[in-house]
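Some notes on the structure that comes next.
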């Protein structure tokens with residue numbers, strides 16, 4: 001949770017935030033220290049108050065988010081199957097995919113060399 005960091009960055013006291021959100025300061029302190037989690041509704045209220053997204057509030061970074069609209073059906077299917085595999089099989093699939101990629105790169109280099117020789 002980034003509540004404390006975001007609150008301090010905006011120069012908002014813990015007391016003021018708790019009062020404005022109508023929650024006990026001890027509860028807010030518990031959220032900030034991650035002793036317990038706020039409800040979804042409370043997360044929305046805090047995010048709105050601090051003018052941030054819930055992702056920012058919980059520390060989720062944008063680079064960890066995949067825009068599924070940029071993936072084709074085959075890519076989406078592979079990701080779905082990958083997530084259903086156990087860790088060992090995920091590692092095997094990764095190694096297999098790396099082998100396919102390496103072979104493709106070698107084939108492309110061979111084709112370039114052949115075209116360059118003509």
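Where the centroid of each part is defined by its Cα atoms, how far is the stretch 1-56 from the stretch 77-94 in Å?
Centre-to-centre (Cα) distance: 37 Å.
Taking the Cα-to-Cβ direction at residue 1 and at residue 55 and moving 7 Å from each Cα, how far apart do the two end points lie in nm?
The two pseudo-label positions are separated by 2.1 nm.
Would you mind checking the stretch 73-88 for residues with the amide N under 20 Å from a putative spin-label position 7 Å along Cα→C-beta of residue 95?
82-88
Using only Cα atoms, find the angle between the long axis of helix 73-84 and the longest principal axis of the chain, and express it within 0 to 90 degrees, rounded to the nearest 10.
Result, in degrees: 70.
Going by C-beta contacts inside 10 Å, put 85, 57 in order with the fewest on the left.
The order, fewest Cβ neighbours first, is 85, 57.
With each run of n ≥ 4 DSSP H residues scored as -39500 (n - 2.57), what mean residue ellipticity at 222 nm is computed for the chain after dividing by its residue count and rounding to the nearest 500 deg cm²/dmol?
Theoretical 222 nm ellipticity from helices: -21000 deg cm²/dmol.
Per-residue counts of other Cβ atoms within 10 Å, averaged by peptide: what ranking do you get for 10-17, 35-42, highest first?
10-17, 35-42
Please order 20, 67 by the number of other Cβ within 10 Å, starting at the fewest.
Ascending number of Cβ neighbours within 10 Å: 67, 20.
The list (1) 12.4; (2) 7.0; (3) 9.5 gives values of mean projected area of the Cα convex hull in nm², and only one came from this structure; which label was calculated from it?
It is the one labelled (1).
If one puts a single equal scatterer on every Cα of the stretch 3-64 and applies the Debye formula without solvent, what log₁₀ I(q)/I(0) results at q = 0.16, 0.22 Å⁻¹?
Once normalised to I(0) and log-transformed, intensities are -0.46, -0.88.
So what are the stretch 68-117's ellipsoid semi-axes, whole angstrom, largest first, if each one is the square root of 5 times an eigenvalue of the alpha-carbon gyration tensor?
Numbers: eigenvalues 180, 50, 5 Å².
Over the Cα atoms of the stretch 68-117, the ellipsoid semi-axes are 30, 16, 5 Å.
Each value in this text was obtained by applying a stated rule to the coordinates, not by laboratory testing. All of these numbers come straight from a predicted model, not from anything done at the bench. Here the Cβ is made from the backbone with ideal geometry for all residues, glycine too, and neighbour counts use every protein chain on show.
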